[in-house]
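In what follows, a structure is listed as structure tokens, so that the remarks can point back to it.
Please treat every number below as a calculation from the coordinates, not as lab data. Model, not experiment: these values are computed from the prediction. With ideal geometry, Cβ positions are generated from the backbone for all residues, glycine too; neighbour counts draw on all protein chains shown.
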Amino acid sequence: MKGNFLVLRRVRGGDDDLVAKLYGTAGKVSLFVKEGYLVENKFFGVFETFNLVKMDYYQSSGFIIPRDILEVKRFSYLARDLRRYLLMSYISQTILKHINFYDEEVFSLILKFFLKETKNPEASYFKFFLNLLKTLGYEPLFLREKVKGKFTFLDLEKGSLSSSGVKVRSSLLNLLKKIHQISEYERVKVKKRDFEEGRKILEEFLSYHLNK
């Protein structure tokens, strides 16, 4: 079999074996390379985190095993920049946590943001997540609603404002709306609290729809 995969995470399995989580043609998969951490291994350096790998592979015991590498795009070098590393890490964590099956539009969206230069990884991540929700068909309705007051409630079914549901700060929803609506969204300052709470509510909304 042949396919294209993004390396989202890799770890050492045993002394020298390499185990990685990939997302691509076969969905979210686990890869195993025996002695993959040894310099003399022909796959050494190929499965660096964030790389895009086109390969010939087979499946065995729940893993995919590479036979041959057809092409490698070494996006891992982009992560030398801290802000790009943060954005790519946020995206990888989200895909690992929530997305199991392959979707061509989702794959293209990940690539687009992996290759994006960013000065504001938190705002860019929110933009990615909102685009991800739209791609999956779960765009929340609050993005088109008028949000008032200090606090409001969010209905997870439609992502709309409600008299009950998940309590959330109105200022946070307005921040997400602004990032969604404007082209120069990287100018939007995202405080630590906003990022943590915004990420939590978006993940809760996505989990609700994926698990119902």
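Each residue of the range 126-139 is assigned a 3J(HN,Hα), and the resulting list reads 4, 4, 4, 5, 5, 5, 4, 4, 5, 4, 7, x, 10, 4 Hz, derived from the Karplus form 6.51 cos²θ - 1.76 cosθ + 1.60 (θ = phi - 60°), x at Gly and Pro. Per-residue ellipticity at 222 nm from helix content only, as computed over the chain with -39500 (n - 2.57) for each DSSP H run of at least four residues, stands at -12000 deg cm²/dmol.
Once you keep just the Cα pairs under 8 angstrom separated by 6 or more residues, what percentage relative contact order results for the chain? Each step should come with its number before you reach the end.
Details: 347 pairs, mean separation 29.8, N = 212.
Rounded, it is 14 percent for the chain.
Going by neighbour counts of Cβ atoms within 10 Å, the residues SER163, SER76 line up, fewest first, as SER163, SER76. A 22 angstrom limit on the alpha carbon distance is what I want to check against. Which of LYS127/LYS192; LYS134/LYS212; LYS97/LYS119; LYS134/LYS158; LYS127/LYS189 exceed it? Pairs exceeding 22 Å: LYS97/LYS119. Across q = 0.09, 0.12, 0.19 Å⁻¹, the range 1-146 modelled as identical point scatterers on its alpha-carbon atoms has Debye log10 I(q)/I(0) values of -0.29, -0.51, -1.14, in the order of the q list. For the range 67-139, the relative contact order is 36 percent, taking Cα pairs closer than 8 Å that sit 6 or more residues apart in sequence and dividing their mean separation by the residue count. Dipole check for the chain: with +1 at the C-beta of Lys and Arg, -1 at the C-beta of Asp and Glu, and the Cα centre as origin, the magnitude is about 980 Debye.
Restricting to DSSP loop positions (anything but H, G, I, E, B) with no more than 13 other Cβ atoms inside 10 Å of their own Cβ, which chymotrypsin sites (Phe, Trp or Tyr not before Pro) remain in the range 85-175? Don't jump to the answer; show the numbers that get you there.
Details: sites: TYR85, TYR90, PHE101, TYR102, PHE107, PHE113, PHE114, TYR125, PHE126, PHE128, PHE129, TYR138, PHE142, PHE151, PHE153; in loops: PHE101, TYR102, TYR138.
Passing both the DSSP loop test and the Cβ count: PHE101.
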